[in-house]
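**Student:** One structure follows; several queries about it will come next.
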Amino acid sequence: MRILIVLLLWISSLSLTPKEYSQEKSTNKYVWDFNTLEQWKDDSQQTNGKKNYTLLDNGCLKLFTHPKTTERSKIKSVQSFTTGTYTWKIFIPEIGKGDNTSIGAFLYFDDTHELDFEIGYGTKAIRKAMQFQSDELLVIMTSQGFPNCSKRVKIIRNQWYEFSLTLKKGLNNELLAVWKINQTPKFSTVLHYKKKISFPIYCSVENLSFMGDHMPNRMNYALFDYVKFESNTK
């Protein structure tokens with residue numbers, strides 16, 4: 001009887017603890033549901049010490065920036081990872097017309113070892129060249145070095161998307177990077193890194209000059225439902 005009582009108390013204590021993430025050790029699969037931010041840390045810039053993010057009652061992380069600022073609101077994972085599949089589920093809202101706000105899902109080690117999804121309104125020149133419709137936004141998928149390359153595609157605003165980035169070993173131990181949107185491959189490149197890189201995972205909303213024609217005229221935001229990582233290391 002005493003053992004049963006102890007067991008019931010232990011189960012009860014588990015149910016009262018908010019789950020930040022789960023880990024399946026046999027598959028090295030991690031899932032971060034945004035009920036807390038215990039496994040994440042602030043990495044914001046130009047926000048004057050403010051944390052421009054909040055956890056919503058529905059279990060989503062809301063990141064935002066204020067109008068007429070150069071705020072860069074970011075969080076990054078405490079842990080770092082290597083080869084595997086990184087996934088972000090994000091609600092992409094309407095972004096102010098011409099605003100230079102970027103919604104980011106990316107991996108960053110340093111300025112030449114960075115792999116990005118960046119979503120924003122886009123400049124007039126890009127929108128004209130790519131024949132954007134009024135309800136479409138720009139996605140830029142980028143390797144910031146080794147090589148420096150990128151691809152641009154369009155998505156429809158006010159929808160949920162799953163953005164994923166897979167890193168796997170190729171020939172001569174080089175990495176193949178594959179960007180997908182809703183499980184559909186959109187871009188890939190071989191990474192010529194000279195050393196093994198371990199990446200923290202980032203979620204962001206930043207006011208970046210190249211993503212639009214002017215500083216934002218409104219508060220812009222994104223909702224992050226979850227982040228996942230599954231290692232493909234045997």
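The values are calculated or read from the model by the stated rules, or taken from the named source; none is laboratory data. No experiment lies behind these values; they were computed from the predicted model shown. Glycine gets a Cβ as well: all are built from the backbone with ideal geometry, and neighbour counts include every protein chain shown. Note: areas computed on protein heavy atoms with side chains; ligands, DNA, RNA excluded. Shrake-Rupley method; radii C 1.70, N 1.55, O 1.52, S 1.80 Å.
**Student:** Say we look at segment 105-132 and pick out the residues that are touching a residue at least 12 places away in the same chain (Cβ under 8 Å) and assigned to a loop (DSSP other than H, G, I, E, B); which of these is nearest to Lys62 (Cα to Cα)?
**Tutor:** Here the residue is Tyr121.
**Student:** Among the strands (runs of 3 or more DSSP E) lying completely within segment 1-66, list those that include at least 3 residues that are among the hydrophobic types (A, V, I, L, M, F, W, C) and at pLDDT below 50.
**Tutor:** none
**Student:** Let me ask you something else. Of everything in segment 40-57, what is surrounded by fewer than 17 Cβ atoms within 10 Å (Cβ to Cβ) and touching an Asp or Glu at 6+ places or on another chain (Cβ under 7 Å)? Give them in sequence order.
**Tutor:** Within segment 40-57, Gln46, Lys51 qualify.
Listed here are the residues, each with its yes/no results for (1) of a type in the set (D, E, K, R); (2) surrounded by fewer than 20 Cβ atoms within 10 Å (Cβ to Cβ).
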position: Lys169; (1), (2): yes, yes
position: Pro185; (1), (2): no, yes
position: His192; (1), (2): no, yes
position: Phe199; (1), (2): no, no
position: Asn220; (1), (2): no, no
position: Phe224; (1), (2): no, no
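**Student:** Let me ask another. Give me a count of the residues in segment 82-92 that are of a type in the set (Val, Ile, Thr) and surrounded by fewer than 19 Cβ atoms within 10 Å (Cβ to Cβ).
**Tutor:** The qualifying residues number 3.
**Student:** Next up: Tally time: how many residues in segment 106-131 are out of contact with any helix residue (DSSP H, G or I) (no Cβ under 8 Å at 6 or more places or on another chain) and more than 16 Å from Ile90 (Cα to Cα)?
**Tutor:** Of the residues in that region, 16 qualify.
**Student:** Tell me which residues, restricted to segment 63-81, are open to solvent by less than 40 Å² (accessible area, probe 1.4 Å) and of a type in the set (Gly, Ala, Ser).
**Tutor:** Those that are open to solvent by less than 40 Å² (accessible area, probe 1.4 Å) and of a type in the set (Gly, Ala, Ser): Ser73, Ser77.
**Student:** Can you tell me which condition Tyr161 does not meet? The list is (1) surrounded by 12 or more Cβ atoms within 10 Å (Cβ to Cβ); (2) more than 17 Å from the chain's Cα centre (by Cα); (3) more than 25 Å from Lys68 (Cβ to Cβ); (4) not hydrophobic (A, V, I, L, M, F, W, C), and all the others hold.
**Tutor:** For Tyr161, the exception is condition (2).
**Student:** Next up: Among the residues of segment 201-218, how many are in a loop (DSSP other than H, G, I, E, B) and surrounded by 15 or more Cβ atoms within 10 Å (Cβ to Cβ)?
**Tutor:** Looking only at that region, the number is 6.
**Student:** Quick one: count up the residues across segment 134-143 that are touching a strand residue (DSSP E or B) at 6+ places or on another chain (Cβ under 8 Å) and either of a type in the set (Gly, Ala, Ser) or in a loop (DSSP other than H, G, I, E, B) (or both).
**Tutor:** So the answer is 2.
**Student:** Any chance segment 161-177 includes a residue that's without any contact (Cβ under 8 Å) to a residue 40 or more places away in the chain and closer than 18 Å to Trp88 by Cβ?
**Tutor:** No: zero hits.
**Student:** All but one of (1) touching a residue at least 24 places away in the same chain (Cβ under 8 Å); (2) surrounded by 16 or more Cβ atoms within 10 Å (Cβ to Cβ) hold for Lys180; state the number of the condition that does not hold.
**Tutor:** (1)
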